[in-house]
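The structure appears below as structure tokens.
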Amino acid sequence: MLARSSTLRHPSGTTLETPLLVPSFSSKGLQFDKKGLSEVTDALRTTAEVLTECMLVSAYDIFHEHIPPPDQFPCITEITFVDSGGYETADGYDFSAVLRYPYPTENWDEPSLRSVLDSWPDHIPAVFVNFDCGSLRRPLKDQIAAARELFAPYPQHLHAIILKPETLEQRYLEISSILGHVDELGQFDIVGVTEKELGKSLLSRMHNVARIRRALDEAKINLPLQVFGSLDPLTSPLYFLAGAEIFDGLTWLRYSYLGGTAIYRHNYGALCVGIHASDDLVKANALFNTIYYLQGLKYQMKDFLLEQDFHKFEHHSELLSKSYDTLRTELGGRI
């Protein structure tokens, strides 16, 4: 099977077992207060007690002081993913975005990213993501070389390369190009792709995750695959079955998770908290519940690996099983 669990070892000595479901924080699509702080800072404060394993923050938000600097984070997780600002400086949004508040992009470039990485406290274990911002497009070999150069001064942290389309005309990743450079990907700790750039359907995206995973396995490169922007109750298990191990995204901030689906937060409030509850109480309860939900889903994935039994998933076991069979057919039965 392509689904797996592996150990992510940080140079500090911290280790985490995949799969990892990584709650993400970003100012994009959210409002700001009068002091210029993003409302995502409130979510950081609210979840400080229960968010302990991992999270993702944006170097762009740190640089522009939309959130506090890392040594003043309300919560410190075992490992923090430091995204490079590609999402905040791109024109598009991820699949889960509904409300799109005006978001003027501020100045951002690779030297700005380096300044954030240079000042990152060594006592906070991190995964640094390479510079992939805005409309930047270049051949894959140049993406790999630039990422290697960026990461060279930071051996004390882990390094994730996020692969991008090579030209402005390309909407999706060119998988054949990635497969042609698979040996070079072994220089990094994590190989990442964005969900939106994987393909035009869930099946095509699963298929492409599986192709990359299989190519890495054939090259004996045992690195986890990360799908950026794919953190929700259904697509995360689907990409997990296809061979991905790390999932992050903002869906958890925008929706609540209930019964295996992402639902409108006020509906969650009525169903689970009560119609008498204030909006602030509903929001706090929903954020707590979603983190607990993600923790439970992680262990459902790990339980599945023990017996390859789809009923280990509390929700959608039949759909997951049928989807896996369809993926096997797409891959010619070779899983």
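Derivation of every value follows stated rules applied to the coordinates shown; laboratory data play no part. Values in this document were obtained by computation on a predicted structure and should not be read as measured data. Virtual Cβ from ideal backbone geometry, glycine too; neighbours counted across all protein chains shown.
In order along region 237-247, the phi-based Karplus estimate (6.51 cos²θ - 1.76 cosθ + 1.60, θ = phi - 60°) of 3J(HN,Hα) comes to x, 5, 5, 4, 5, 7, x, 7, 10, 10, 9 Hz; Gly and Pro are listed as x. Label reach from residue 217 (point 7 Å along Cα→C-beta): in region 292-314, amide nitrogens under 18 Å belong to 301-310.
Placing unit charges on each Cβ (+1 for Lys and Arg, -1 for Asp and Glu) gives the chain a dipole about its Cα centre, and among 151, 282, 272 the Cα reaching farthest toward its positive end belongs to 272.
Which whole-number percent gives the relative contact order of the chain, counting Cα pairs below 8 Å spaced six or more residues apart?
18
Taking every DSSP bridge with both residues inside the chain, close to 20 percent are antiparallel. The alpha carbon convex hull volume per residue for the chain rounds to 131 Å³.
Among residues other than residue 186 whose Cβ falls under 13 Å from its Cβ, what is the net charge (Lys/Arg +1, Asp/Glu -1)? Neighbour charge sum, excluding residue 186 itself: -3.
Modelled spin labels at residue 12 and residue 305, positioned 7 Å past Cα toward Cβ, are 2.3 nm from each other.
At most 16 other Cβ atoms within 10 Å and a DSSP loop assignment: could you name the trypsin sites (Lys or Arg not before Pro) in region 132-204 that fit? Don't jump to the answer; show the numbers that get you there.
Details: sites: 137, 141, 148, 171, 196, 200; in loops: 137, 171, 200.
Filter output for region 132-204: 137, 171, 200.
Summarising the amide proton neighbourhood of residue 174: residues at separation of 5 or more, or on other chains, whose placed amide H is nearer than 5 Å comprise 166. 3J(HN,Hα) couplings calculated from phi for region 268-282 with the Karplus curve 6.51 cos²θ - 1.76 cosθ + 1.60 (θ = phi - 60°) are, in sequence order, 4, x, 5, 6, 10, 10, x, 6, 7, 6, 5, 4, 5, 5, 4 Hz; Gly and Pro show x.
Taking label points 7 Å from Cα along the Cα-to-Cβ direction, residue 156 and residue 1 give a separation of 4.0 nm. Direction-averaged projected area, Cα convex hull, region 250-298: 3.1 nm², rounded to one decimal. A simple spin-label model places the labels of residue 65 and residue 321 5.7 nm from each other, with each point 7 Å out along Cα-to-Cβ.
Proximity of backbone amide H atoms, modeled 1.01 Å from N, is registered between residue 228 and 193, 194, 195 at under 5 Å, excluding neighbours fewer than 5 places apart on the same chain.
Kindly identify region 134-254 as rounded, prolate or oblate by the Cα gyration tensor criterion: order the square roots of the eigenvalues as a ≥ b ≥ c, call it rounded if a/c is under 1.5, otherwise compare a/b with b/c, prolate if a/b is larger, else oblate. Since a/c stays below 1.5, the shape of region 134-254 is classed as rounded.
Could you pull out the GluC sites (Glu not before Pro) across region 131-173 that fall in loop regions by DSSP (anything but H, G, I, E, B) with no more than 16 other Cβ atoms inside 10 Å? Loop-located and lightly packed - 169. Decide, for region 203-335, between rounded, prolate and oblate: order the square roots of the alpha carbon gyration tensor eigenvalues as a ≥ b ≥ c, take rounded if a/c falls under 1.5, and otherwise choose prolate if a/b is larger than b/c, else oblate. Taking the square roots of the gyration eigenvalues as a ≥ b ≥ c, region 203-335 is prolate.
With 22 Å as the limit on Cα-Cα distance, the pairs of 141/200; 200/283; 28/196; 141/220 that go past it are 141/200; 200/283. Across region 144-245, C-alpha contacts under 8 Å between residues 6 or more apart give a mean separation that, scaled by the residue count, equals a relative contact order of 26 percent. Between residue 292 and residue 123, full extension at 0.36 nm per residue minus the direct alpha carbon distance yields a gain of 58.2 nm. Across the options 87, 228, 319, the greatest Cα extent toward the positive end of the charge dipole of region 7-330 (unit charges at beta carbon of Lys, Arg, Asp, Glu) belongs to 319. Under a 5 Å amide H cut-off, with hydrogens placed 1.01 Å from N, residue 130 pairs with 160, 162 among residues at least 5 apart or on other chains.
A simple rule links phi to the HN-Hα coupling: the Karplus curve 6.51 cos²θ - 1.76 cosθ + 1.60 with θ = phi - 60°, which for region 212-218 gives 5, 4, 5, 5, 4, 4, 5 Hz, with x for Gly and Pro. FRET efficiency for the residue 168 to residue 145 pair, using the beta carbon distance and R₀ = 22 Å, is estimated at 0.65.
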